[in-house]
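Student: Mind having a look at this structure? Questions to follow.
Bear in mind that the values in this text are calculations on the coordinates, not laboratory data. The structure displayed is predicted, hence computed values, not measured ones. Because the Cβ atoms are built from the backbone with ideal geometry, glycine has one as well, and the counts that use them run over all protein chains shown.
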Amino acid sequence: MDLLETLVAKGLRRELPTREEALAVLATPDEDLLDVVAAAGRVRRQWFGRRVKLNYLVNLKSGLCPEDCGYCSQRLGSKAEILKYTWLKPDQAAAAARAGLAGGAKRVCLVASGRGPTDRDVERVADTVSAIKAENEDVEICACLGLLSDGQAERLRDAGVHAYNHNLNTSEDTYTDICSTHTFADRVDTVQQAQAAGLSACSGLIAGMGESDADLVDVVFALRELSPDSVPVNFLIPFEGTPLAKEWNLTPQRCLRILAMVRFVCPDIEVRLAGGREVHLRSLQPLALHLVNSIFLGDYLTSEGQAGQTDLDMIADAGFVVEGSDEKTLLRDREPTAADADPVADGDLVPAHGPAADADLPEQLADRRRDLVSVRRRGAGTDLPPNA
């Protein structure tokens, strides 16, 4: 396909595709899926070889959130029967992190529900970082605490935090459809605050919330403009008890096309396969490793992932290797390119094929899939050992 040859050439040059080209990736039919994966895989291997970076989540505070994000099981008014607890003590968080590090995780992501941290919360996180680094001083720490206030990013940096995560989630045009308590601009501002403080920016999206192809392309291009170092791609986990509980509209093929599109738009950026992969990719998860170079190990914030050893076996069986703690995620430092400064103008390319056949799934299939969503009952905030 001329489209794929063009996108590979651009990806190897770190050149931004047009929006039309990104849309065309999402419109490719299922019979061309392996060609799409192979093409995006060439770009992935150019910048990351066969290395897979492992990340491990620790939910410092679960539930009890005043925000109304429609996708979130921790949201205000959520009836999802998730674990709810206030701040873990530093030694509890360090114990949870220990399991992920033992499984090969290079980065520990410290997450807390809420609109944003108080200064006291930031100090709690600083104490937690110290407790984790006392056992493993080289571990990368990423904090995800919500909207930041003045000076908080700098305090986190000084405490030893390496990165800050704050996802854009969806396009600016549709953001009010999923949240009314803060804005898309608020999220952009927090990412920029983190970058200004010298933190590595981590910002991504959630697919499967009923958005259009144009929305997906818009949010990925907005992320590219922010130039984060890592882009987590989440697939909606439709928790019962949340407004988006009935949004079962992803197929494994659709997920792979989305990941390929993100890789073409972000060729040399760490693309992380995040929440929902087990639910929506299922047996095709190994194919996704040809597109992403980073995954979460074990469980997520409020849902269970597959067994940590299964993740490690999957990586090895697919011919990939776990990235070591002494290796840079990027083979070379990312520097602005001509394409970054002067993006290619939108062309008049039209998809060679019609829209992908991702029809609404039958209700009986949705019923079966709901069985794949398991609320997390182990690890942080419980007396049971974590999954890693």
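Student: Suppose a student asked you for the relative contact order of the range 90-232, using Cα pairs under 8 Å spaced at least 6 residues apart; what percent would you report?
Tutor: Once divided by the residue count of the range 90-232, the mean separation gives 21 percent.
Student: How high is the relative contact order of the chain, given as a whole-number percent (alpha carbon pairs under 8 Å, six or more residues apart)?
Tutor: In percent, rounded to a whole number, it is 27.
Student: Would you pull out the residues with amide H under 5 Å of Ser303's amide H, same chain only if 5 or more places away, H placed 1.01 Å from N?
Tutor: Under 5 Å from the amide H of Ser303: Arg376.
Student: Let me ask another. Order of 299-306, 158-165 by packing, highest average Cβ count within 10 Å first?
Tutor: Ranked by mean Cβ neighbours within 10 Å, highest first: 299-306, 158-165.
Student: Can you tell me the orientation of helix 184-196 relative to the chain, as the angle in degrees between its alpha-carbon axis and the longest Cα principal axis, to the nearest 10?
Tutor: That helix lies at roughly 70 degrees to the long axis.
Student: If I histogram all Cα-Cα distances within the range 1-134 using bins 5 Å wide from 0, what percent of pairs lands in each bin?
Tutor: All Cα pairs considered, the percentages come to 2, 9, 13, 12, 10, 10, 11, 14, 13, 6, 1, 0.
Student: Just to check, using Stokes-Einstein with a Kirkwood Rh over alpha carbon pairs, what's the diffusion coefficient of the chain at 25 °C and 0.890 mPa s in µm²/s?
Tutor: Calculated translational D: 117 µm²/s.
Student: Of Met314, Met209, Met261, how do they rank once you tally other Cβ atoms within 10 Å and put the fewest first?
Tutor: Met314, Met209, Met261
Student: Once amide H atoms are built 1.01 Å from N in the peptide plane, which residues 5 or more positions from Ser200, or in another chain, come under 5 Å H to H?
Tutor: Amide H neighbours of Ser200: Ala163, Tyr164.
Student: Could you work out [θ]222 nm for the chain from helices alone, using -39500 (n - 2.57) per DSSP H run of at least four and dividing by all its residues? Round to the nearest 500 deg cm²/dmol.
Tutor: Per the formula, -11000 deg cm²/dmol.
Student: Show me the ranking of peptides 262-271, 34-43 by mean Cβ neighbours inside 10 Å, starting with the highest.
Tutor: The most tightly packed comes first, giving 262-271, 34-43.
Student: When the Karplus curve 6.51 cos²θ - 1.76 cosθ + 1.60 is applied with θ = phi - 60°, which whole-Hz ³J(HN,Hα) does each residue of the range 150-160 get, with x for Gly and Pro?
Tutor: Each residue's phi maps through the Karplus curve to give 3, x, 6, 4, 5, 5, 5, 4, 5, 7, x Hz.
Student: On to the next question. Taking θ = phi - 60°, what integer Hz values does the Karplus form 6.51 cos²θ - 1.76 cosθ + 1.60 yield along the range 94-104, in sequence order, with x for Gly and Pro?
Tutor: Residue by residue, the range 94-104 yields 5, 5, 5, 5, 4, 5, x, 5, 5, x, x Hz.
Student: Working from Cα positions, state the angle (0 to 90°, nearest 10) between the long axis of helix 252-265 and the longest principal axis of the chain.
Tutor: Helix 252-265 sits roughly 90 degrees off the main axis of the chain.
Student: While we're looking at this one, here's another question. Arranged by the count of other C-beta atoms within 10 angstrom, fewest first, what order do Glu323, Glu15 take?
Tutor: Glu15, Glu323
Student: Another question, then. Let a ≥ b ≥ c be the square roots of the eigenvalues of the Cα gyration tensor of the range 194-313; is it rounded (a/c under 1.5), or, if not, prolate (a/b larger than b/c) or oblate?
Tutor: rounded
Student: For a quick check, take a GNM of the chain with Cα springs below 10 Å and name the residue from Ala260, Ala96, Ala316 with the largest mean-square fluctuation.
Tutor: Ala316
Student: Hey, what do the phi angles of the range 7-20 turn into as Karplus ³J(HN,Hα) couplings, whole Hz, using 6.51/-1.76/1.60 and θ = phi - 60°, x for Gly and Pro?
Tutor: Along the range 7-20, the couplings run 5, 5, 4, 5, x, 6, 9, 6, 9, 6, x, 7, 5, 4 Hz.
Student: What list do you get for Lys133, Lys106, Lys328 if you sort them by fewest beta carbons within 10 Å?
Tutor: Lys328, Lys133, Lys106
Student: Cα-Cα over 25 Å: which of Lys61/Lys133; Lys61/Lys106; Lys10/Lys328; Lys89/Lys133; Lys89/Lys328; Lys53/Lys133?
Tutor: As for pairs spanning more than 25 Å Cα to Cα, those are Lys89/Lys328.
Student: Follow-up question, since we're still on this one. Using Cα pairs under 8 angstrom and six or more residues apart, how large is the relative contact order of the range 1-79, in percent?
Tutor: 21
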